[in-house]
Amino acid sequence: MKTATRNPINSELSHSRTSFMVKLALMVAIIFVMAFSPLGYLRTPGLTITFLTVPVAVGAIILGPTAGAICGAAFGITSAIMALTGGSAFSAALLQINPFGLMFTCLVPRILEGWLSGLIFQLVRKFSKNGAYFAASLACPLLNTLFFMSSLVLFFYHTEYIQNIASGLGAANPLIFVILFVGLQGAIEAVACTILGSAVSRALSAAFRQ
């Protein structure tokens, strides 16, 4: 009677897939926990600063572009939930104006930020591994701001709601509006994500021996 023998290659691949899924599920869970707790946002009278780009960047660096896109999608879903439940007054107002535009703005920029951060890490790592952590962690919040504000301007700039905000800021055109609306916020997010994202991803890479 022949006994079945396990193929070591298939076994290793199966273990690798399982490990990937577990790590990805953990990153997504962290994003949801942060989003709906004080850990995800620093709210001040004038600014709402998000730290959710940190786990997106870490996921993209540790697990690759596809995982980065999934982590970005999780970030976007939490934003959409906040809009639908009234957790964000700004998003809730945009939802009433253009539901499709808001869903696009919540989801697509975050998916792209995660995916591109992973690609940037892989590209820069060919020349400098330490530099790759820094570059990807910096790129994630900058891409988030760039894509989110581009989508916001595309769908909502000419609406009365955004025009009232632009008028209050003294913004005469979309570029000035973007700078005045998220300039300081974007800078703080970029610094925070670069420091935390690169440190955490470097530590996890060492722990996972990547």
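The values are calculated or read from the model by the stated rules, or taken from the named source; none is laboratory data. Keep in mind it's a predicted model, so treat the numbers as computed, not measured. Because the Cβ atoms are built from the backbone with ideal geometry, glycine has one as well, and the counts that use them run over all protein chains shown.
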Criterion first (surrounded by fewer than 18 Cβ atoms within 10 Å (Cβ to Cβ), closer than 22 Å to Ala192 by Cβ and either modelled with pLDDT under 95 or in contact with a Cys (Cβ under 9 Å, 6 or more places away or on another chain) (or both)) does Asn164 satisfy it? no
Quick one: in the stretch 26-40, which of the residues that are in contact with a helix residue (DSSP H, G or I) (Cβ under 8 Å, 6 or more places away or on another chain) and either of a type in the set (Ser, Thr, Tyr) or in a helix (DSSP H, G or I) (or both) is farthest from Ser205 (Cα to Cα)? Ala35
Six or more apart or on different chains, Cβ under 8 Å: which pairs go from a residue in the stretch 110-137 that's in contact (Cβ under 8 Å) with a residue 60 or more places away in the chain and more than 24 Å from Ser151 (Cβ to Cβ) to one that's surrounded by fewer than 24 Cβ atoms within 10 Å (Cβ to Cβ) and basic (Lys, Arg)? Could you list them? Asn130/Arg202; Ala132/Arg125; Tyr133/Arg202
Which condition number does Ala73 fail, the rest of (1) within 27 Å of Leu184 (Cβ to Cβ); (2) of a type in the set (A, V, I, L, M); (3) modelled with pLDDT of 95 or more being met? (1)
What do you reckon, is Phe155 of a type in the set (Phe, Trp, Tyr), in a helix (DSSP H, G or I) and closer than 28 Å to Gly59 by Cβ? yes
Could you tell me whether any residue of the stretch 168-176 is β-branched (Val, Ile, Thr) and either within 17 Å of Thr50 (Cβ to Cβ) or surrounded by fewer than 18 Cβ atoms within 10 Å (Cβ to Cβ) (or both)? yes
Are any of the residues in the stretch 126-147 surrounded by fewer than 16 Cβ atoms within 10 Å (Cβ to Cβ), modelled with pLDDT of 95 or more and more than 10 Å from the chain's Cα centre (by Cα)? no
Restricting to the stretch 69-109, what's the tally of residues that are without any contact (Cβ under 8 Å) to a residue 24 or more places away in the chain and either charged (D, E, K, R) or in contact with an Asp or Glu (Cβ under 9 Å, 6 or more places away or on another chain) (or both)? 0
Assess whether Val54 counts as being modelled with pLDDT of 90 or more, within 22 Å of Leu184 (Cα to Cα) and not in a strand (DSSP E or B). yes
Out of (1) buried (at least 18 other Cβ atoms within 10 Å of the Cβ); (2) more than 21 Å from Ser198 (Cβ to Cβ); (3) β-branched (Val, Ile, Thr), what's the single condition that is false for Ile120? (2)
So, first residue surrounded by 16 or more Cβ atoms within 10 Å (Cβ to Cβ) in the stretch 181-202, second residue at pLDDT 90 or above and outside any helix (DSSP H, G or I), Cβ within less than 7 Å, six or more apart or across chains; the pairs are Ala192/Phe51
Of the candidates Gly186, Gly101, Gly118, the one satisfying the condition of being in contact with a Phe, Trp or Tyr (Cβ under 6 Å, 6 or more places away or on another chain) and part of a helix (DSSP H, G or I) is Gly101
